Amino acid sequence: MGADGGVRRLEVGQYACVFCGLPQDRVATLEQDWVLLEPDVEVLAHLVPAEHRWIVLSDGRVAVYGVCPPEADQRCRIEHRLACAEQGLPDLWPWLTALRGENGRQAERLATAEAEAREVELPDAG
Ligand SMILES: [Zn+2]
């Protein structure tokens, strides 16, 4: 009886975040992997980008909920790293990240143009 029939005992433990020290729920995923979820937080799925929604299955494991658009009352869990004050946010909304990048370049061009304008206006301050 060495084989376990593919059903491993599901252990849910709490692990302290190495960045902020707060507890996170370590939950098994469908892919035989683990994910560290924010404890006691369930939000409406449409508030969370599709690839970051974790829904709890009947056996206690979790899976990414990619249904689009999500059902109105579907709730999901999120990874602690999205809520961690000590970690940078990943690329949650690709269009927003693209807009931020474009704005960064625009701000740089504006700053360069203003610096050049100042040089022309003030050739010699002495
Ligand atoms: Zn943390």
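Read the figures in this text as sums done on the coordinates, not as results from a lab. The model shown is predicted, which means the values in this text are computed figures rather than measured ones. Quick reminder, even Gly has a Cβ in these numbers, built from the backbone with ideal geometry, and neighbours come from all protein chains shown.
Ranked by Cβ crowding within 10 angstrom, fewest neighbours first, how are 44, 36 ordered?
If I rank by nearby Cβ atoms, fewest first, I get 44, 36.
Counting charges near residue 43 (Lys, Arg +1; Asp, Glu -1) among other residues having Cβ under 11 Å from its Cβ returns a value of +1.
The longest stretch of the chain left intact once loop-based GluC sites (Glu not before Pro) with at most 16 other Cβ atoms within 10 Å are removed from consideration, loops following DSSP, is 87-126. Quick one: Kirkwood hydrodynamic radius for segment 13-90, alpha-carbon pairs, angstrom, one decimal? Mean inverse Cα-Cα distance, inverted, gives 12.8 Å. Placing +1 on the Cβ of every Lys and Arg and -1 on the Cβ of every Asp and Glu, with nothing else charged, gives segment 13-90 a dipole about its Cα centre of roughly 60 debye.
Under the simplified labelling scheme, the residue 58-residue 43 pair shows an inter-label distance of 2.9 nm, with each label point 7 Å from Cα along Cα→Cβ. Once C-alpha pairs closer than 8 Å and six or more residues apart are averaged by separation and normalised to the residue number of the chain, the relative contact order reads 19 percent.
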